[in-house]
Amino acid sequence: MLAHQRARVKVPATSANLGPGFDVMGLCLSLYDELSVEVIDGPDEAKVIGEGEKDLPVDSNHLVIKSIRHTLNYVGASASGLKLTSHNRIPHARGLGSSSAAIVAGISLARELVGSDKLSKQEMIDLAGKIEGHPDNIAPCILGGATIAWSNQQDHNAVRLNVNSELVPIIAIPEYQLATKQARSVLPQQVTREESVFNISRTALLVHSLTQDLSLLFQATEDRLHQFQRSEVMPKSWHLLSELRRNEFPAVVSGAGPAILILATSEYADAVVNAVNKIDPEFKVLALTVDQGGVQATSEN
Ligand code: HSE
């Protein structure tokens, strides 16, 4: 039995890793897909406007519809047909969490249809993490701010950090796409103790820096585990990243790439935008804010 017949959701883009925090850290960004769903008689249908409108499925194979049905099933509910409308702005296959956003949108829409008391945020993280396979984009998408995510054999978990409000996340988005699977396939199976210690220290420093002292961000975003190792599958992004870091801007690969994220402050945000335009004008630059609240959904009768 459904409590509501219609629901809407505004779901944010996210950036995972933030340099050293491979598969752990994430940040919620002010760039959104907006979706609505209505329970109908008849088969599932999806209308996609914007990103992916030419290639996403328009039936029950759409990831958002699959996630709605998975969640309804999880709470013991069902729906006849679903009519989904999706205005997509989050670029696909760039490392900006578009598939996590789709999954979180589906779970949030289903939660609104059944009544939001039926599913806690922690259950949402676990459910979404199980659909996606990893929680590092899911966590900031649901909780907002910056997040630390971890998994064990049973479930996925996350906590939220209050990010310093002076932080200005800037994303530089290339034309080309890169599948996360391919970006993961080039990573080595083994890392050394030195590389591990290096990244543990920078990740711990990153938590301090994001919340207490943005002046340490350059050192706190150093990485030895995955960015250089992926340079062969994203040479243009690697070039931009290297040049930005040579100028001491705290640039990192956004998620598995190929977008680049620069953790700026208002003091040098303009300088970062100018630097990206100068180094490689083919990258589209967006100066964003940190979304502190994560996904927002509402129901309608
Ligand atoms: N952390 C993942 C990776 C991407 O770098 O492969 C986002 O889940």
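Assorted remarks:
- Qualifying residue in the range 85-99 (condition: in contact with a His (Cβ under 9 Å, 6 or more places away or on another chain), at pLDDT 95 or above and within 16 Å of the ligand (Cβ to nearest atom)): yes
- Of all residues in the range 160-180, those satisfying the criterion of being of a type outside the set (G, A, S) and either modelled with pLDDT under 95 or assigned to a loop (DSSP other than H, G, I, E, B) (or both) are N162, V163, N164, E166, P174, E175, Y176, Q177, L178, T180.
- Of the strands (runs of 3 or more DSSP E) lying entirely inside the range 3-54, those containing at least 2 residues that are within 28 Å of V252 (Cβ to Cβ) and open to solvent by 30 Å² or more (accessible area, probe 1.4 Å) span 25-40.
- Residue within the range 46-63 that is closer than 30 Å to R230 by Cα, within 15 Å of the ligand (Cβ to nearest atom) and of a type in the set (D, E, K, R) present: no
- Residues of the range 206-223 classified as free of Cβ contacts under 8 Å to residues at least 60 places away in the same chain and either crowded, with 18+ Cβ neighbours inside 10 Å or charged (D, E, K, R) (or both), total: 4
- Number of the condition not met by R193 [criteria: (1) touching a Lys or Arg at 6+ places or on another chain (Cβ under 9 Å); (2) of a type outside the set (D, E); (3) loosely packed, with under 12 Cβ neighbours inside 10 Å]: (1)
- Selection of the range 41-61 for residues being touching a helix residue (DSSP H, G or I) at 6+ places or on another chain (Cβ under 9 Å) and touching a residue at least 40 places away in the same chain (Cβ under 8 Å) yields D44, A46, E51, G52.
- V276 being open to solvent by less than 20 Å² (accessible area, probe 1.4 Å) and in contact with a Gly (Cβ under 7 Å, 6 or more places away or on another chain): no
- Which numbered condition I138 fails, given (1) touching an Asp or Glu at 6+ places or on another chain (Cβ under 6 Å); (2) over 30 Å from A3 (Cβ atoms): (2)
- I131 vs. criteria aliphatic (A, V, I, L, M) and crowded, with 23+ Cβ neighbours inside 10 Å: no
- Looking across V253, V295, V290, one residue alone is β-branched (V, I, T), modelled with pLDDT of 95 or more, in contact with a Ser or Thr (Cβ under 6 Å, 6 or more places away or on another chain) and open to solvent by less than 30 Å² (accessible area, probe 1.4 Å). It is V295.
Okay, residues lined up against (1) over 25 Å from L205 (Cβ atoms); (2) within 16 Å of the chain's Cα centre (by Cα); (3) open to solvent by less than 10 Å² (accessible area, probe 1.4 Å):
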| residue | (1), (2), (3) |
| --- | --- |
| K121 | yes, no, no |
| M124 | yes, yes, yes |
| I148 | no, yes, no |
| V159 | no, yes, no |
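- Some residue of the range 50-60 being on the phi > 0 side of the Ramachandran plot and not polar (S, T, N, Q): yes
- All positions within the range 163-185 that are among the aliphatic types (A, V, I, L, M) and open to solvent by 40 Å² or more (accessible area, probe 1.4 Å): A179
- D155 passes every criterion in (1) among the acidic types (D, E); (2) open to solvent by less than 10 Å² (accessible area, probe 1.4 Å); (3) over 23 Å from Q212 (Cα atoms) apart from (2).
The values are calculated or read from the model by the stated rules, or taken from the named source; none is laboratory data. Since this is a predicted model, take the numbers as computed values, not measurements. All Cβ positions, glycine included, derive from the backbone under ideal geometry; neighbour counts span all protein chains shown. Surface areas here come from the heavy atoms of the whole protein model, side chains and all, with no ligands, DNA or RNA. Shrake-Rupley method; radii C 1.70, N 1.55, O 1.52, S 1.80 Å.
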